[in-house]
Amino acid sequence: MSRGFTGEKSPDWPTGVYKVSFSSVNLDFKFRRLKILVSGGTGYIGSHTVVELQQKGHEVVIVDNLCNSSAGVIRQIGKITGTEPLLEVFDLTDRHRVEDFFGRHAGLDGVIHFAAFKAVGESVQKPLDYYRNNLVSLMNILEAMHQQRVLHLVFSSSCTVYGQPESLPVTEEAPLQKALSPYGNTKRISEEMIADYAPLSGIKAVLLRYFNPIGAHPSALIGELPLGEPNNLLPYITQTAIGKRAALSVFGADYNTPDGTAIRDYIHVCDLANAHVLAMERLSKLQQQQKPEVFNLGTGHGNSVLEVIQSFERVSGLKLNYRITDRRPGDIEQVWADVSLAESVLGWKAVSSLDEMTRSAWNWEKYLASQ
Ligand code: NAD
Ligand code: WQD
């Protein structure tokens with residue numbers, strides 16, 4: 001039977017008017033509060049997702065070993081949502097701690113798994129650290145989920161799995177390419193691990209391939225906290241503008257793009273966070289799943305490095321000190337997402353403009369400077 005409008009003719013109603021029966025959709029409209037483990041929930045994307053989950057009425061427990069974040073984020077989340085989520089500090093590569101955690105937290109509905117190392121360059125220097133941290137954590141979580149019958153998983157993957165796609169915008173069907181770094185390889189292997197284990201264990205999973213998350217919460221109370229010199233474009237721009245860095249290097253202006261600089265699909269971290277909530281809500285209602293579902297999360301269009309700089313200059317009213325340098329080894333020329341699948345299946349669409357993204361990143365940088 002189709003859900004929603006049943007098309008049933010009512011004898012009480014005038015001819016031609018159809019009675020809408022909500023009997024089959026009542027469950028959809030009834031809100032179900034979910035209890036979610038957010039691994040890496042004090043990190044950049046995790047903290048924004050915790051805010052979204054709480055604001056939609058869900059309960060959150062965070063596990064994070066604080067290797068790339070701080071416990072102070074919990075207080076900041078509390079200021080935004082009115083509720084400080086529970087944080088347990090331990091390393092997810094510790095199998096016994098993971099089993100113990102799941103044993104103590106009965107009634108978990110699902111896991112959103114962010115915790116991972118993510119610096120591409122560092123992963124080339126320390127490949128085993130990356131394989132151990134990112135893969136062992138995931139294995140421990142998958143096993144504990146299976147043991148405790150926690151059967152819904154949303155996993156942080158990356159557009160890095162596509163490399164330089166042959167055609168743009170890139171769809172989820174595009175062939176995956178050999179990873180350009182150990183970090184990228186951990187994402188590819190993680191996706192495969194989940195795909196292999198999910199049907200055996202009864203776990204239903206959504207793999208979210210993020211494009212380039214940027215920006216910060218509009219409250220400017222949480223945002224990205226890069227340790228040391230940032231690798232990513234936006235923190236480098238805002239740190240240069242605030243005076244922490246002398247100048248931004250624009251890595252290459254000789255690409256085959258309209259202004260010669262590389263193109264990416266930048267997405268606001270709050271839009272990204274919202275997609276995780278929708279993905280988890282979808283899983284909690286899904287009766288059956290043959291294999292993990294994969295969704296691209298981007299805006300569906302690309303911007304060049306110079307366009308991002310222009311946007312930053314527009315919203316901040318500042319002139320950014322930058323210079324064109326050589327290309328960065330390993331960088332691809334251009335990529336942006338086909339997001340039609342996330343739109344049609346998850347009912348999700350990114351809504352923030354590039355200026356909103358750069359403005360929120362700048363407000364966050366100014367907030368940090370004021371502390
Ligand atoms: P982040 O470093 O800010 O957050 C990750 C969090 O996980 C940190 O708080 C860290 O302390 C924690 N963590 C790492 N290893 C852990 C372990 N073994 N046990 C417990 N906690 C651990 O990173 P982020 O930018 O929020 O990224 C979140 C996820 O999204 C990662 O899986 C990353 O690979 C993926 N991703 C990020 C981007 C991006 O540009 N930021 C793009 C694509 C995919
Ligand atoms: C964006 C653009 C740079 C810094 C990385 C990871 C990828 C994913 C997202 C996790 C590029 C240019 C940058 C600078 C610059 N992360 N740039 N000067 O490289 O698209 O993707 O983050 O999964 O896996 O590789 O993001 O922010 O580093 O760079 O000119 O100082 O900005 O060349 O064109 P990237 P990025």
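The values are calculated or read from the model by the stated rules, or taken from the named source; none is laboratory data. Because the structure is predicted, anything quoted here is derived from the model rather than measured. Counting neighbours? That spans all protein chains shown, and the Cβs are built from the backbone with ideal geometry, glycine included.
Being under 26 Å from A119 (Cα atoms) and among the β-branched types (V, I, T) is the filter here, so list the residues in the range 295-354 that pass it. Matches in the range 295-354: T299, V305, V308, I309, I324, T325, I332, V335, V339. Per the conditions (1) more than 10 Å from ligand 1 (Cβ to nearest atom); (2) under 19 Å from R209 (Cα atoms); (3) not in a helix (DSSP H, G or I), the sole criterion not satisfied by F155 is (1). All conditions in (1) near ligand 1 (Cβ under 10 Å from one of its atoms); (2) over 27 Å from E229 (Cα atoms); (3) hydroxyl-bearing (S, T, Y) hold for T93, with the sole exception of (2).
Of the residues I267, I214, the single one that is within 13 Å of ligand 1 (Cβ to nearest atom), among the β-branched types (V, I, T), at pLDDT 95 or above and farther than 16 Å from E365 by Cα is I267.
Could we say that T83 is away from ligand 1 (no atom under 16 Å from the Cβ), out of contact with any Phe, Trp or Tyr (no Cβ under 9 Å at 6 or more places or on another chain) and not in a helix (DSSP H, G or I) here? Judged against the criteria, T83 is a match.
Which strands (runs of 3 or more DSSP E) does the range 246-350 wholly contain that include 3 or more residues that are crowded, with 22+ Cβ neighbours inside 10 Å and not polar (S, T, N, Q)? Once the strands (runs of 3 or more DSSP E) in the range 246-350 are filtered for at least 3 residues that are crowded, with 22+ Cβ neighbours inside 10 Å and not polar (S, T, N, Q), what remains is 266-268. Of the residues making up the range 166-189, those that are assigned to a helix (DSSP H, G or I), in contact with a Ser or Thr (Cβ under 9 Å, 6 or more places away or on another chain) and without any contact (Cβ under 8 Å) to a residue 60 or more places away in the chain are P182, N185, K187, R188.
Determine whether I242 is more than 16 Å from the chain's Cα centre (by Cα), on the phi < 0 side of the Ramachandran plot and buried (at least 21 other Cβ atoms within 10 Å of the Cβ). Considered against the rule, which asks whether it is more than 16 Å from the chain's Cα centre (by Cα), on the phi < 0 side of the Ramachandran plot and buried (at least 21 other Cβ atoms within 10 Å of the Cβ), I242 comes out as no.
Just name the residue that is farthest from L306 (Cα to Cα) out of those in the range 258-274 that are within 10 Å of ligand 2 (Cβ to nearest atom) and β-branched (V, I, T). Going through the qualifying residues, I end up with I263.
Name the single residue, out of those in the range 86-107 being loosely packed, with under 15 Cβ neighbours inside 10 Å and assigned to a loop (DSSP other than H, G, I, E, B), that is modelled with the lowest pLDDT. Ranking the qualifying residues of the range 86-107, first place goes to A106.
Among the conditions (1) aliphatic (A, V, I, L, M); (2) closer than 20 Å to K291 by Cβ; (3) within 16 Å of ligand 2 (Cβ to nearest atom), the only one that L180 does not satisfy is (2). For the range 124-143, the criterion of being at pLDDT 95 or above, within 14 Å of ligand 2 (Cβ to nearest atom) and either assigned to a strand (DSSP E or B) or surrounded by fewer than 20 Cβ atoms within 10 Å (Cβ to Cβ) (or both) is satisfied by at least one residue. Per this entry, K204 is not counted among residues that are within 19 Å of the chain's Cα centre (by Cα), under 18 Å from V124 (Cα atoms), basic (K, R) and modelled with pLDDT of 95 or more. Within the range 112-138, residues that are under 20 Å from E88 (Cβ atoms) and touching a residue at least 40 places away in the same chain (Cβ under 8 Å) have Cβ atoms under 8 Å from residues that are among the aromatic types (F, W, Y) and in a helix (DSSP H, G or I) in these pairs: F117/Y130; F117/Y183; N134/Y183, counting only partners at least 6 apart in sequence or on another chain.
Can you tell me which of A361, A369 is within 12 Å of ligand 2 (Cβ to nearest atom) and either touching a residue at least 24 places away in the same chain (Cβ under 8 Å) or outside any helix (DSSP H, G or I) (or both)? Checking each option against the conditions leaves just A361. Quick one: would you say I237 is within 16 Å of the chain's Cα centre (by Cα), within 16 Å of ligand 1 (Cβ to nearest atom) and outside any strand (DSSP E or B)? So I237 fails the test.
Listed here are the residues, each with its yes/no results for (1) closer than 17 Å to I194 by Cα; (2) hydroxyl-bearing (S, T, Y).
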{"site": "I80", "(1), (2)": "no, no"}
{"site": "V89", "(1), (2)": "no, no"}
{"site": "E99", "(1), (2)": "no, no"}
{"site": "A115", "(1), (2)": "yes, no"}
{"site": "A119", "(1), (2)": "no, no"}
{"site": "S123", "(1), (2)": "no, yes"}
{"site": "N133", "(1), (2)": "yes, no"}
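Checking each residue in the range 284-300 for being closer than 24 Å to N363 by Cβ and either over 16 Å from the mean Cα position of the chain (by Cα) or not polar (S, T, N, Q) (or both) picks out L297, G298.
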